[in-house]
1. Name the residues whose placed amide hydrogens come within less than 5 Å of the amide hydrogen of GLY382, ignoring near sequence neighbours (fewer than 5 apart) on the same chain.
2. Taking the dipole about the Cα centre of the chain, with the C-beta of Lys and Arg at +1 and of Asp and Glu at -1, give me whichever of LEU154, ILE215, LEU31 is farthest to the positive side.
3. Need the C-alpha centroid separation for the stretch 298-355 versus the stretch 23-51, integer Å.
4. Determine the per residue accessible area of the stretch 219-342 with all protein chains present and a 1.4 angstrom probe, expressed in square angstrom.
5. What dipole magnitude, in Debye to the nearest 20, does the chain give about its Cα centre under +1 on Lys/Arg Cβ and -1 on Asp/Glu Cβ?
6. For the stretch 58-161, which trypsin sites (Lys or Arg not before Pro) are in a loop by DSSP, counting at most 11 other Cβ atoms within 10 Å?
7. Show the residues, 5+ positions off or on another chain, whose built amide H is closer than 5 Å to the amide H of VAL216.
8. Given q = 0.14 Å⁻¹, what are the Debye log10 I(q)/I(0) values for the chain, with equal point scatterers placed on the Cα positions and solvent ignored?
Amino acid sequence: MKLDTASERVDVYVKHPPKTKFCCPECKQELACYDHTQERTWRHLDTMQFKTYLHASIPRVQCPEHGVKQVDVPWAEGSSRFTLLFERFAIDVLRSTQTVSGAQVILSTSWDQTWNILCRAVDRGQARKQARPIRRIGIDEKSFAKGQSYFTLLYDLDRSAVEAISEGCDTSAADACFSELSQDQINSVEAIAMDMSAAFVKSACANIPLAEEKIVHDRFHVMKLATEAVDKVRREEHRDLKKEDDTRLTGTKYLWLKSQENLTDKQMSRLDEVFTHQLRTGKAWAYKEMLRDLWHHDTAAEATNYFSQWYRSVIHTKLEPMKKVARTIKERLVNVVSYCTLGITNAVAEGINSKIQAIKRRVGGYRNKDNFKKAIFFYCGGLDLYPQ
Ligand SMILES: [Zn+2]
């Protein structure tokens, strides 16, 4: 062992006693040492604050069956330049810093080295992964690089894990995700959360037996449509009012987009003030808030009943954007009220979503789509990432 205080490093040289026997890495047959490779170096856990390196010439054996082979060393995997303990520590650091550049500072490794540890961990986890039953799934789209491209993600809602990722957000992208599941897994699916996009419905029906009975249109997506409709009504009305120098809706955009309980007292009184003017926007907002109660019913029959009343009152208004939403929901109503029996939303994957948001914010560090996918699997894949 060599301790160099000036360059703050510790070098450990590993040698084996003479006449030690080694196993052929292929067939595990014990053989005498044939020769040694050139010296190789592995980064190990720091000794105090000193970077520590392991050095060894790896023995080779000559197997009658497999020829001359380099033996496996107990402290590192294959071609890795790091010891197992170091990789394990690096995985923990990557997990807690949630960023490669952050981890690299703590580990004193290069970006590429840190990234390679992450990739190896994902490969390891995916190789070990077993096809377990997957009862409740979610399928959703995510944008990458400021909406320039999209990914389709398939979640295991019970394990809060991303099971599959494919590029795009059309039927074939969803098909690609389903194709990652085994036939047994496909048959084990009992409920599928998704938005109301025709592409995902089509794919689910083509891939999952009896999908029509299992689909639940995610309530957050449905409410998003209603919220967007309110915003549309507001924009149109605001435009009309401004023509007559009426500024009652100026600066109110975000008041209408939030749900009631998230408004501050000040915002709430502002909302009340606008309300008293009997504007179309206020009316649309009230219908949106009413719609939220659709998910507070115990049975699908009660929810259907509630919706029918809501639908009747909305459809007789002049709020075109809201009427459009009402018609869209009506068309898919069975798979909206199925929430009452199947009880799933993609929000079960809320933990995953916030992690993906964090990954996206740091996306500059991920350079491209493949890296983004790797990072999602590392942070949200529910994989066993550690070496051995
Ligand atoms: Zn052999």
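1. Amide H to amide H, under 5 Å and 5 or more residues apart or across chains, GLY382 pairs with VAL162.
2. Of the listed residues, the answer is LEU154.
3. Centre-to-centre (Cα) distance: 61 Å.
4. 58
5. The dipole of the chain has a size of about 700 debye.
6. Filter output for the stretch 58-161: LYS146.
7. So VAL216 has HN proximity to ILE192, ALA193, MET194.
8. -1.21
The values are calculated or read from the model by the stated rules, or taken from the named source; none is laboratory data. As the structure is a computational prediction, the values presented were derived from the model and not from experiment. So basically every Cβ, Gly included, is an ideal-geometry build from the backbone, and we count neighbours across all protein chains shown. Keep in mind that these areas ignore ligands, DNA and RNA; they rest on the heavy atoms of the full protein, side chains included. Shrake-Rupley method; radii C 1.70, N 1.55, O 1.52, S 1.80 Å.
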